[in-house]
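Trainee: Sharing a structure below in structure tokens format, with a few things to ask.
The values are calculated or read from the model by the stated rules, or taken from the named source; none is laboratory data. Just so you know, these numbers come straight off a predicted model, no measurement behind them. Virtual Cβ from ideal backbone geometry, glycine too; neighbours counted across all protein chains shown.
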Amino acid sequence: MTLTVRLTPHLRQQLERYCRRRRLTKTQLVTELLEERLSAPAGQGKTPYQIARDFGLIGGFASGKGDLARNRKRYLAEKLRAKRPR
């Protein structure tokens, strides 16, 4: 069966990026998501946290630095210097 879905340009980019990173086709991803969603009993779907975790958005950018927000400028300067030594 063929299914056509209209996506915003932003959502389309996100979909393409997600599939590329995980080496999935769009068909594979949509099929997996539909099977998961349709097989879940009503009211027992995934929470927003579970969905974000499955998409790699939770903990995917951990730096291991507890003071990253406070010292972001210093860390950014170090990264930039490392890329272009003077």
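Trainee: Give the residues of region 40-50 that are at pLDDT below 80 and either part of a helix (DSSP H, G or I) or not polar (S, T, N, Q) (or both), sorted by residue number.
Mentor: Selection gives A40, P41, A42, G43, G45, K46.
Trainee: So for region 5-27 (the condition being modelled with pLDDT under 90 and surrounded by 10 or more Cβ atoms within 10 Å (Cβ to Cβ)), does at least one residue qualify?
Mentor: Yes, the conditions are met somewhere in region 5-27.
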